[in-house]
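> Below is the structure I would like to discuss, written out as structure tokens.
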Amino acid sequence: MPSAPDLPGSLPVLHAALPELVARAQALIVPGERRVLGIVGAPGAGKSTLCVALLAGLNTSEQGEQAALVPMDGFHLANAELKRLGRRDRKGAPDTFDADGYAALLGRLRRPGGQTIYAPYFDRGLEESIGSALAVPPEAPLIVTEGNYLLLDTGDWARVRAALDEVWYLEVPEELRLSRLVERHIEFGKAPDEAAEWAGRVDGRNAETIHATRGRADLIVQLR
């Protein structure tokens, strides 16, 4: 799989189409083991879209169910709890998630023990998480997880990175990322002005935090 040349000591950058990424994910699978692939990037980078496409490429009728998706977003704290803590106006920041719960689930997923493990799912329409909504079968050898803070090295987030076998940092042009982000906020109920303000004030601050963790990834992915 070709990658762009990099400066000495810099992270490898892979300019790849989807089939190359599916092949790379496939190569992580080890018979008899459970591996975990993390996809990280700023809000609007396209993490969820990439993960859905990866699973479609991995879970074919010929190959069977090789991978399961468990997003970090299922560990959003409930809106009522965010209000109690005074954090509702910056939902999406690192301290608005149950990082300890997420790290604990990743630990369980690495040791399936022959049983189905259930994970929470974040419903964007409701703006709330739904517990035990995603069933992860014990026979799936690869877990794909995606989120903003997989590479943070503070508090319980450090345990998340330790549970991942490989982490890809997804990058897109900034203008495209911001336009996607504003459109998403509008789609889920925000007025255009409110969507733009939130993307700049809340998501912008989070994007800076995420970008600062870029150097802890195994690979920088730029889709083509």
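> What does the charge count near Ala133 come to, summing +1 for each Lys or Arg and -1 for each Asp or Glu among other residues with Cβ under 12 Å from its Cβ? Let's see the in-between values first.
Numbers: positive: none; negative: Asp73, Asp123, Glu128.
That works out to -3.
> Grab the other residues whose beta carbon is less than 10 angstrom from that of Phe97, score K and R as +1, D and E as -1, and report the net.
Details: positive: Lys91; negative: Asp73, Asp95, Asp98, Asp100, Asp156.
Summing Lys and Arg as +1 and Asp and Glu as -1 gives -4.
> Once you have the alpha carbon radius of gyration of segment 158-213, what is it after dividing by 2.2 N^0.38 Å, with N set to its residue count?
Dividing the Cα Rg of segment 158-213 by 2.2 N^0.38 Å gives 1.37.
> Determine, from the Cβ-Cβ distance of Arg124 and Glu65 and an R0 of 35 Å, the FRET efficiency 1/(1 + (r/R0)^6), rounded to the nearest 0.05. Walk me through the numbers before you get to the answer.
Details: r = 25 Å, r/R0 = 0.72.
About 0.90, to the nearest 0.05.
> Convert each backbone phi in segment 121-127 into a coupling constant with the Karplus relation 6.51 cos²θ - 1.76 cosθ + 1.60 (shift: θ = phi - 60°), then list the ³J(HN,Hα) values in order as whole Hz, x for Gly and Pro.
9, 8, 8, 5, x, 7, 6
> Here's something else I'd like to know. Among residues other than Glu194 whose Cβ falls under 15 Å from its Cβ, what is the net charge (Lys/Arg +1, Asp/Glu -1)?
Counting the neighbours of Glu194, the net charge comes to -1.
> For segment 136-151, what does the Karplus curve 6.51 cos²θ - 1.76 cosθ + 1.60, with θ = phi - 60°, yield as ³J(HN,Hα) per residue in whole Hz, taken in order and with x for Gly and Pro?
Per-residue couplings from phi come out as 10, x, x, 7, 6, x, 10, 9, 10, 10, 9, x, 7, 10, 5, 10 Hz.
> Quick one: Cα centre-to-centre distance for segment 93-153 and segment 169-192, in angstrom?
After rounding, the separation between the Cα centres reads 24 Å.
> Scan around Glu166 for amide H atoms under 5 Å from its own, H built in the peptide plane at 1.01 Å from N, and keep only partners 5 or more places away or cross-chain.
Long-range HN contacts for Glu166: Val36, Gly38.
> Sticking with this one: For segment 13-223, what is the convex hull volume of its Cα atoms per residue in Å³?
On the way: hull volume 25.4 nm³, N = 211.
Normalising the Cα hull of segment 13-223 by residue number yields 120 Å³.
> Further question on the same structure: With +1 assigned to the C-beta of every Lys and Arg and -1 to the C-beta of every Asp and Glu, and no other charges, what is the dipole magnitude of segment 13-223 about the Cα centre in debye, to the nearest 20? If you can, show how the numbers build up before the last one.
Details: 24 positive and 30 negative charges, 89 e Å.
Rounded to the nearest 20 debye, it is 420 debye.
> From a point 7 Å beyond the Cα of Leu134 in the direction of its Cβ, which residues of segment 37-52 have a backbone N at a distance under 16 Å?
Of the residues in segment 37-52, 37-41, 46-52 have backbone N under 16 Å from the label point off Leu134.
> Also, I was wondering about something else. Work from the charge dipole of the chain (Cβ charges, +1 for Lys and Arg, -1 for Asp and Glu, about the Cα centre) and give the residue of Ser129, Leu50, Leu85 farthest towards its positive end.
In the chain, that residue is Leu85.
> Taking amide hydrogens as modeled 1.01 Å from N in the peptide plane, which residues meet the under 5 Å criterion relative to Val70, leaving out close sequence neighbours?
Sorted by chain and number, the residues that satisfy this are Val144, Thr145, Glu146.
> Please name which of Gly215, Trp157, Leu18 has its Cα lying farthest along the dipole of the chain towards the positive end, using unit charges on Cβ (Lys, Arg +1; Asp, Glu -1) and the Cα centre as origin.
Of Gly215, Trp157, Leu18, it is Trp157.
> Hey, which aspartates and glutamates would be in cross-link range of Lys47, C-alpha to C-alpha under 14 Å, not counting anything within fewer than 8 residues on its own chain?
Here the aspartates and glutamates satisfying the reach criterion relative to Lys47 are Asp73, Glu146, Glu171.
> Of the peptides 42-53, 182-193, how do they stack up when ordered by the mean number of other Cβ atoms within 10 Å, highest first? Spell out each step's value before the answer.
Details: 42-53: 19.3, 182-193: 14.0.
So the peptides 42-53, 182-193, ranked by packing, come out 42-53, 182-193.
Bear in mind these aren't lab numbers, they're just calculated from the coordinates by the rules spelled out. All figures in this text were calculated on a predicted structure; none of them were measured in a lab. As a convention, Cβ positions derive from the backbone with ideal geometry for all residues, glycine included, and neighbour counts pool all protein chains shown.
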